[in-house]
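The next block holds one structure in the form of structure tokens; read it before the comments.
The values are calculated or read from the model by the stated rules, or taken from the named source; none is laboratory data. Quantities reported herein were computed from a predicted structural model and do not represent experimental measurements. Positions of Cβ are generated from backbone atoms using ideal geometry, with glycine treated the same way; all protein chains shown enter the neighbour counts.
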Amino acid sequence: MKQSRRNFLKFVGISALGLGLAKVAGVEAAGGGGHGPVMEPPHDALHAKRWGMVIDTRKLNTAEAIAPLAEACHSVHNVPTIAAPREMKWLWAESFDGSFTEMENDRLNDEIEHRKFALLCNHCQNPPCVRVCPTKATFKRADGITMMDMHRCIGCRYCMAACPYGARSFNFGDPQKFVAKPNPEYPMRMRGVVEKCTFCSERLEAGKQPACVEASQGAMLFGDLEDKNSPVRKALRENFTIRRKPSLGTQPSVYYII
Amino acid sequence: MLEKALQGSPKYWGWLAFLGLIIAAGGGVYMTQLQDGLQITGMNRDVSWGFYIAQFTYLVGVAASGVMVVLPYYFHHYKKYKKMVIMGEFMAIGAVVMCLGFIVVDIGQPQRMLNVMLHPTPNSILFWDMVVLNGYLFLNVIVGWMSLQSERTRIDPPKWLKYVIYTSIVWAFSIHTVTAFLYQGLPARHYWLTAILAARFLASAFCSGPAILLLVIMLVQKLTKFNPGEDAYKTLAKTITYAMCVNVFFFLLEVFTAAYSSIPGHMHSIAYLFVGSHGHTGMVPWMWSAAFMAILSLCLLIPPALRDNMKLLPWSLAILVAATWIDKGLGLLIGGFTPNMFEGVTEYWPTGKELMVSLAVYATGALVLTLLFKVATGIREETDNL
């Protein structure tokens, strides 16, 4: 009796160990985690250690100039056009006070006072939205992109409460009716999930710049913040830039040249 | 023991049918929410949580408050709570059921809800809230049920139950602390980003929860022969009074910090709630009513002569519940989301459909509470211990 019990325990222990090892081996084979098979990105994909953006607000500073960029973004990603206060937006125009709330100034230079700023997800290095998400539906990629899995999102909207930049939109209803010309290349969301700018991860994979950057005629620069020779690093070296709400320690990856 | 819930007067069955009707009606409205999405509510891009999550928050407090009866009874052997203890535990069960209900109706994709368990994420406070709330439900079911069973069979409960009870007492504090952490750890929401929020939550819970418990027990006493004894009423009313004093004090600490420092971010939400902002004054009459009722409830509860007057007490308690409900069930959420992330104001008000779904969740809690109290009073009647 005793003998068989000991054997049984041994068997259980060895099996558990085996399962654990198999799991570790599996994870390594899959390249560091995740579920299911991992597809190799195409060879012409763009790579970076930390994607970042520099927006030159000397060139891009009116609602009229920002609207086509938002349109380029929203049409390629099937972002529905819905009226406030339930509007959906990945990229939009905002005043100086609304964009840089900590830099309130009652005697702001006339020109800057009238500038509009292009706002989008900041892809923070230390993102509060990722910290609070209860399902890892929003997560940080190795290349610095704060990504959304719209098929895992349960729609609890905790990320919307956590994001200091108002970058997230929620599908209060079915978005399909509000997308004038659906882009079949990109998935359409369903009601009840949160969405936001993804730095055009799907375009980077195809070797293309983000849609807004492409439409900005050089007013938006996109590149690797960890690469000293990248166009964004060059712009940051040569110009005075600010970021939104720096005191919160989120470390945004979007910089604004003033 | 459940059979006790199956025998009752026509009045009892009528009440159950009434609750069933509300649940069915609200359930119907919830079906339209499932179909059309959360656009049937008043929530929007800026106020992205509303009435549902506010009720959830308030009810976590109610659930935690059972401990104000359980703790003196088990830690201090305060025997006068003997009859009331089970009611506190059962009310906690009803309240947690409502909490879970409000979470489910608030979620945009409820059929994916189990993702919280399939992809456990310990860095999310929501994950921990799920853990502590379900744990608390489980603990109270065990403790309530086993204590009642031992009463019925007149056999002492197993020794280990004592440790489960001790755990549940500490656990009660944890559920409301974790719920406060949901809010107070968010970097850009000034109204919530305050170390005292968890303490405020507990203080408001420990006055409003026992107040609701006393009101329910008064009702039960009218309907059955159940009598917890006048001393139990008086002691719990004292607890409620102290907790309400602390609650009001903590809120005034917030007001002082914001007003004296004059930091705009700290003042803005409070100013919006009490005087309005950018011409939006929807919350102002509510918040001043809450402030007035809070003071009034203290005036009626602090003098012993008024507090011990059993004719007046239910009114004082009802006023207290109304004041704390506006503070936590409306002001906390709406104030937290105002101003929005661009220093603008988007007003929120729940829609009729939203209120209907909420009513159904409340009715579900009332149903659970009714059944559990029916079992408890039935067993007590049987053992001649009402």
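Points worth noting:
- Applying the set (1) at pLDDT 95 or above; (2) over 19 Å from B:Ala205 (Cα atoms); (3) of a type outside the set (Lys, Arg); (4) not in a loop (DSSP other than H, G, I, E, B) to B:Leu320 leaves exactly one unmet item: (2).
- Residues of the stretch B:92-119 that are assigned to a loop (DSSP other than H, G, I, E, B) and either crowded, with 24+ Cβ neighbours inside 10 Å or within 7 Å of chain A (Cβ to nearest Cβ) (or both): B:Ile107, B:Gly108, B:Gln109, B:Met113, B:His119.
- Single match in A:Arg141, A:Arg168, A:Arg157 (criterion: in contact (Cβ under 8 Å) with a residue 24 or more places away in the chain and on the phi > 0 side of the Ramachandran plot): A:Arg157
- Test: residue in the stretch B:55-69 that is hydroxyl-bearing (Ser, Thr, Tyr), more than 12 Å from chain A (Cβ to nearest Cβ) and in contact with a Lys or Arg (Cβ under 7 Å, 6 or more places away or on another chain): yes
- Unmet requirement for A:Ala219, which otherwise passes all of (1) among the hydrophobic types (A, V, I, L, M, F, W, C); (2) over 15 Å from A:Lys49 (Cβ atoms); (3) crowded, with 22+ Cβ neighbours inside 10 Å: (3)
- Residues that are under 18 Å from the mean Cα position of the chain (by Cα) and crowded, with 19+ Cβ neighbours inside 10 Å, drawn from the stretch B:142-170: B:Ser168
- Count of the stretch A:96-126 residues which are crowded, with 17+ Cβ neighbours inside 10 Å and not in a helix (DSSP H, G or I): 11
- Selection count where residues are closer than 20 Å to B:Gln111 by Cα and either away from every other protein chain (no Cβ under 12 Å) or part of a loop (DSSP other than H, G, I, E, B) (or both), scope the stretch A:150-186: 12
- Any chance A:Glu71 is surrounded by fewer than 16 Cβ atoms within 10 Å (Cβ to Cβ) and either away from chain B (no Cβ under 12 Å) or in a loop (DSSP other than H, G, I, E, B) (or both): no
- Residues of the stretch B:228-283 that turn out to be within 22 Å of the chain's Cα centre (by Cα), closer than 18 Å to B:Ala195 by Cβ and β-branched (Val, Ile, Thr), as a count: 1
- Among residues of the stretch B:316-357 being among the polar types (S, T, N, Q) and within 30 Å of B:Tyr233 (Cβ to Cβ), the one that is surrounded by the fewest Cβ atoms within 10 Å (Cβ to Cβ) is B:Ser316.
- Residue under evaluation B:Gly282, criteria (1) surrounded by fewer than 20 Cβ atoms within 10 Å (Cβ to Cβ); (2) under 30 Å from A:Pro164 (Cα atoms); (3) without any contact (Cβ under 8 Å) to a residue 60 or more places away in the chain, criterion not met: (3)
- Of the criteria (1) in a loop (DSSP other than H, G, I, E, B); (2) closer than 30 Å to B:Ile40 by Cβ; (3) touching a residue at least 24 places away in the same chain (Cβ under 8 Å), which one A:Gln251 fails: (2)
- One residue stands out among those in the stretch A:187-201 that are of a type outside the set (D, E, K, R) and either in contact with a Leu (Cβ under 8 Å, 6 or more places away or on another chain) or more than 21 Å from A:Arg141 (Cα to Cα) (or both): the one that is nearest to the other protein chains (Cβ to nearest Cβ), which is A:Gly192.
- For B:Phe75: the one exception among (1) within 14 Å of chain A (Cβ to nearest Cβ); (2) of a type in the set (Phe, Trp, Tyr); (3) within 30 Å of B:Thr239 (Cβ to Cβ); (4) surrounded by fewer than 23 Cβ atoms within 10 Å (Cβ to Cβ): (1)
- Failed item, numbered, when B:Pro122 is tested on (1) within 14 Å of chain A (Cβ to nearest Cβ); (2) part of a helix (DSSP H, G or I); (3) free of Cβ contacts under 8 Å to residues at least 24 places away in the same chain: (2)
- Index of the failed condition, A:Val132 passing every other in (1) of a type in the set (Val, Ile, Thr); (2) farther than 19 Å from A:Ser201 by Cβ; (3) surrounded by fewer than 24 Cβ atoms within 10 Å (Cβ to Cβ); (4) within 12 Å of chain B (Cβ to nearest Cβ): (3)
- Look at the stretch B:106-118: where a residue is without any contact (Cβ under 8 Å) to a residue 24 or more places away in the chain, no partner that is exposed (fewer than 13 other Cβ atoms within 10 Å of the Cβ) sits 6+ places away or on another chain with Cβ atoms under 6 Å.
- Restricting the stretch A:135-146 to residues that are surrounded by fewer than 19 Cβ atoms within 10 Å (Cβ to Cβ) and not in a loop (DSSP other than H, G, I, E, B), the residue that is farthest from the other protein chains (Cβ to nearest Cβ): A:Lys140
- Close pairs from the stretch B:303-314: first among the basic types (Lys, Arg), partner surrounded by 12 or more Cβ atoms within 10 Å (Cβ to Cβ), Cβ under 6 Å, at least 6 apart: B:Arg307/B:Ala237; B:Arg307/B:Leu301
- Meets criteria (touching a residue at least 12 places away in the same chain (Cβ under 8 Å) and either under 23 Å from A:Gly218 (Cα atoms) or not assigned by TED's automatic domain parsing to the domain that holds A:Ala211 (or both)) for A:Arg131: no
- B:Leu139 being within 26 Å of A:Phe170 (Cα to Cα), crowded, with 16+ Cβ neighbours inside 10 Å and touching a residue at least 24 places away in the same chain (Cβ under 8 Å): no
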